Every structure is written in structure tokens, then in C-alpha cells.
Amino acid sequence: MNYFDLPKIDLHCHLDGSVRPQTIIDLARQQDITLPSEDINEINNLMIAPETCLNLDEYLLRFELPLSVMQTAAAIERISFELFEDAAKENVKYLEVRFGPLLHTQQGLSLDIIIGSAIEGMQRAEKLYDIKGNYILSLLRHMPKESIKGVIDAGAKYLNDGVVAFDLAGGEAAGFCQEFSPYAQYALEKGYRITIHAGEQGSGQNVYDAISLLGAERIGHGIYIKGHALAYDLVKSQTVALETCPSSNIQTKAVTSLSAHPIKEFYQDGVQVTINTDNRTVSNTTMSDEVRKVMEQFNLSRADYFNIYKTSVKHSFANAAIKRHLLKYSE
């Protein structure tokens, strides 16, 4: 099977984890930022997480370098454009990108300019390539809560015009959902869809809470519903989709190996699973790679692939017209 030529959908991809290494060098020169090295191989090594990460926190250290150059409107627009361009060139037909606007305020950019610049880059790519997209606004769990409503308010201007959803991301502590319930409710009232990183680091209860307390329609990762009957049953009964990211899940030790990943087990039991990249650069992957790894490891058929593709369409936050467009590729 030619995995490159398959139409693909990526519902879980982080902007700052998917920056071209050469772009880091270019932007650093433009912005007079001193890098540890201007050798492309060294920059690669600094940006790509090893498969032997101790945990999620070590994996997250790889975001510091790209964020250092993502503090201007032009840089954000360029990186957004290039991510959509890279995805389009491997036949990704729809891409939902998440990013944390608060991470880009170090030089005084307003939230409106930050969000608008990301959308402009996406829209520039949409005009040139056969790809559609949307942005998901991520709030980092460790950042000050008093800033959350400001992000939600700033993004509301772009709802259904480039922005579609609210997300919580970052290091995952057990029981985090309770304290974020008012903010998720505020986002829902504004018209945001909800997807939450949960069940990536050992707690199936976090998945249960993300759905029951925060209104999550999708779960980022969700690996640890395995072994947590209440969470597993809730995911199934509510038809909540899991945004699995196989390579990333191995790197962060959510699973010990690809063969230990529960995606096939979930799929065969009727859990709504999708395949995604998480971070194209940090995980040194593409959608073609992720699809190939899953298909070959678990001996899935072409029909199985298109079942998963259709699940991705169904659970995307795209509008009805785009969903109809995407379904044409599976006919």
C-alpha cells in the first residue's frame, strides 16, 4: 500500500512542535537571536526528542528552541504556512493545529495578532494547496488561570473562521480537571468545541473527568482508559474520539512500544480512534509514517484505514461542507 498517496487527516498536531529546523535558523538570524548552533544537524538534534525520553516532561523540553523564534507576527504566520504546506505535500487533506497563544507574548504581541497570524498562514496555504484546516487554542495547565478567559475571548472573534476549539495541554497531573471546569464551561458558552489532553500519563480517571466535568468531545491520547473501566465505558457510550499519536506515545512512555499500543484493541472494540502526528518535528514523523506504522504493526487492511479516516472526518471540528468534501476521498 502506498501510504504517501492515501488521503489523510491529522486532528492532533502542535504548531511549535512542527517547525522546520531550517526555519529556526532563518528566523534566528532575522531576529538577532543567538542559537546554540547554526548547524542544521545540531538544530535537528536539539528539536527532535529521543525515543528514550524519561517521561512527558523531558519530551516537552524540545519546545523551548522553536518558541524562542515564534514571538513575532511574521514568524508565526510563516511557521503556520509551512506546517500546512508540509502536510499538504504528503496528502493530508485536513489538519487541525493546536497552539498556546500565551506562549507567544514574550515580546508584547497581543493575543489577537498572535491568533490572527496563525490563521493567516493557514489560509495562505489553503489557497495554494488541496488542504483545509482549523486552529485549536491550547491553554497550558501550569500557566496562570487568570489569563485563560482572555485567550478564550480573543479567539472568539475567529470562531468558525479559523478557530474551532479549546484545549488543555502540558504536563498531566492526576485530578486536574476539577479546577478547570469553569473555564471549559466559559469556552462552551462562547461556542468553542472541546478537546482535552488526558490519559497520556497514567490516569484513566482524567479521561473520565475531562468528558464528565469539562465536556470533552475528543481526548488527546487517552491511552490510559485501558484498565479504567469507567473511563473506557464513558468513551464508548459517549462516542468520544481518541486522538492517538503512536510515535509520540512511545517517546513519552505512554506505551512501552508500538506493539503495546492499544489502538487496534480499541478499534476492534468500537472505540472511536484516530491516527495523528502530535509533533512532526519533535517526534520526527509525518502522517504517512504514522499511518504506515499502525497499518503494518497491526496488520490492518485498506478498509480498516478508511474506517479510521471516516472516524476522523466525523469527529473533526470542520463544518459540514468541509466534511462532505473530505468524505469524497474515501469513496
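The values are calculated or read from the model by the stated rules, or taken from the named source; none is laboratory data. What you are looking at is a predicted structure, and each value in this text was computed from that prediction instead of being measured. Note that each Cβ is placed from the backbone with ideal geometry, even for glycine, and that neighbours are counted across all protein chains shown.
Annotations
- Residue within region 152-160 that is of a type outside the set (Ser, Thr, Tyr), more than 13 Å from the chain's Cα centre (by Cα) and closer than 24 Å to residue 251 by Cβ present: no
- The lone exception for residue 195 - which of (1) in contact with an Asp or Glu (Cβ under 6 Å, 6 or more places away or on another chain); (2) surrounded by fewer than 21 Cβ atoms within 10 Å (Cβ to Cβ) it fails: (2)
- Candidate set from region 127-186 (those that are of a type in the set (Asp, Glu) and surrounded by fewer than 15 Cβ atoms within 10 Å (Cβ to Cβ)); member that is nearest to residue 316 (Cα to Cα): 161
- Residue check for residue 309: aromatic (Phe, Trp, Tyr), surrounded by fewer than 22 Cβ atoms within 10 Å (Cβ to Cβ) and at pLDDT 95 or above: no
- Residue that is surrounded by the most Cβ atoms within 10 Å (Cβ to Cβ) [pool: residues in region 5-38 that are within 30 Å of residue 249 (Cβ to Cβ) and hydroxyl-bearing (Ser, Thr, Tyr)]: 18
- Within region 291-300, the set of residues being part of a loop (DSSP other than H, G, I, E, B) and on the phi < 0 side of the Ramachandran plot comprises 298, 300.
- Residues of region 65-100 classified as of a type outside the set (Lys, Arg) and under 17 Å from the mean Cα position of the chain (by Cα), total: 20
- The set of residues from region 278-290 being outside any loop (DSSP other than H, G, I, E, B) and surrounded by 23 or more Cβ atoms within 10 Å (Cβ to Cβ) comprises 278, 287, 290.
- Scanning region 204-239 for residues that are part of a loop (DSSP other than H, G, I, E, B), surrounded by fewer than 23 Cβ atoms within 10 Å (Cβ to Cβ) and of a type outside the set (Lys, Arg) gives 213, 215, 217, 227, 228, 238, 239.
- Residue match in region 144-165 (condition: under 17 Å from residue 217 (Cβ atoms) and among the charged types (D, E, K, R)): no
- Of all positions in region 257-277, at least one carries a residue that is touching a Pro at 6+ places or on another chain (Cβ under 6 Å), crowded, with 20+ Cβ neighbours inside 10 Å and of a type outside the set (Ser, Thr, Tyr).
- Single unsatisfied condition, residue 254 versus (1) part of a helix (DSSP H, G or I); (2) touching a strand residue (DSSP E or B) at 6+ places or on another chain (Cβ under 7 Å): (1)
- Which listed residue, of 41, 2, is at pLDDT below 95, of a type outside the set (Lys, Arg), closer than 28 Å to residue 305 by Cα and surrounded by fewer than 18 Cβ atoms within 10 Å (Cβ to Cβ): 2
- Residue identified as of a type outside the set (Lys, Arg), modelled with pLDDT of 95 or more and under 18 Å from the mean Cα position of the chain (by Cα) among 213, 242: 242
- Residues considered: 133, 121, 116, 155. Of these, the only one that is touching a strand residue (DSSP E or B) at 6+ places or on another chain (Cβ under 8 Å), touching a residue at least 24 places away in the same chain (Cβ under 8 Å), in a helix (DSSP H, G or I) and not hydrophobic (A, V, I, L, M, F, W, C) is 155.
- Of all residues in region 240-256 being in contact with a Leu (Cβ under 7 Å, 6 or more places away or on another chain) and within 14 Å of residue 297 (Cβ to Cβ), the one that is surrounded by the fewest Cβ atoms within 10 Å (Cβ to Cβ): 250
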